[in-house]
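All remarks here apply to the structure that follows.
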Amino acid sequence: MRAAHLTAPPVVLVAHGSRDPRAAEATRALARAVAAARPGVPVLPSWLDHTEPGPAVVLRELAAAGRPRAVLVPLLLTAAYHRKVDIPAAVAAVGTGGASIDVRVTEVLGPADGVVDARLLGGLRRRLAEAGPGGYDALVLAAAGTRDPRARGSVGRVAAALGAELGVRCRVSYASAAPPAANVAVAKLRAGGAGRVAVAAYFLAPGLFHDGVVAAAGGAGAVAVADPLTDLPELAELVLRRVDDASAGWAGAVTDVAAVR
């Protein structure tokens, strides 16, 4: 245990939230994995919707306990509406309760400044290896979906990086908000000559979207569909990388949500 971690700011993980209880449990499991990787640092889960507590409640409780600072990590794979609107609003709401705490919000877990983190790719590769014996001719990277074109571009960068690492074609599919669906992407690759198509799951937690991808991709002839990333060691390491990047030089740096008073 490094002594510096004993006085490090608490880490608040913020997930989107789902009616599916498996999603909340995946977030709690990731919080435990991050805490185990960084002994002495409190790691607290929160959700924007469907599950309690929300991030504002957690931050107020930290302020009431005398914590002057916290690092908030959006458990999101794209910097779309939830990162741009919901999370800043949740942090701003802390001040309405009279709390005083400095909050630093990290980058999302997907590409930051166009860079696809090796830990993210490592987690996707691990889940693919768990899903089947390999030997795929092509891949589909199945994501939740977004109407934000820049966010979709970031998913495309992940697909390109994953395909390059594995030496195969990799198409993107979406479970909502944008085409193509997983079955369409798998069918196009098979029609183009791919004999064995696997699907990498660009999801942090299980739920209806991933269930739909499993059913649709399997029906279109995919030979394997990977599980979501959940609490993989690579994901916990990526969270901590985001925390370290955001909290470096805390005293003199300015953040997007610097202080809530």
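The values are calculated or read from the model by the stated rules, or taken from the named source; none is laboratory data. What you see is a predicted model; the values in this text were computed from it and never measured. Neighbour counts run over all protein chains shown; Cβ positions are idealised from the backbone, glycine included.
Numbers for the structure displayed
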quantity: Complete set of residues in segment 47-65 that are out of contact with any Gly (no Cβ under 6 Å at 6 or more places or on another chain) and assigned to a helix (DSSP H, G or I); calculated: P55, A56, V57, V58, L59, E61, L62, A63, A64
quantity: Condition check for S173: more than 30 Å from P9 (Cβ to Cβ) and either modelled with pLDDT under 95 or out of contact with any Cys (no Cβ under 6 Å at 6 or more places or on another chain) (or both); calculated: yes
quantity: In segment 65-85, the residues that are under 17 Å from the mean Cα position of the chain (by Cα) and over 18 Å from P149 (Cα atoms); calculated: V71, L72, V73, P74, L75
quantity: Test: V184 is of a type in the set (V, I, T), part of a helix (DSSP H, G or I) and over 21 Å from G122 (Cα atoms); calculated: yes
quantity: Qualifying residue in segment 129-149 (condition: polar (S, T, N, Q), closer than 27 Å to G54 by Cβ, modelled with pLDDT under 95 and within 17 Å of the chain's Cα centre (by Cα)); calculated: yes
quantity: Residue ID - modelled with the lowest pLDDT, chosen from residues in segment 63-89 that are in contact with a strand residue (DSSP E or B) (Cβ under 6 Å, 6 or more places away or on another chain) and small (G, A, S); calculated: A63
quantity: Residue ID - surrounded by the most Cβ atoms within 10 Å (Cβ to Cβ), chosen from residues in segment 182-202 that are among the hydrophobic types (A, V, I, L, M, F, W, C) and within 22 Å of T230 (Cα to Cα); calculated: A182
quantity: Residues (among the acidic types (D, E) and either surrounded by 18 or more Cβ atoms within 10 Å (Cβ to Cβ) or more than 20 Å from D227 (Cα to Cα) (or both)) located in segment 127-172; calculated: D148
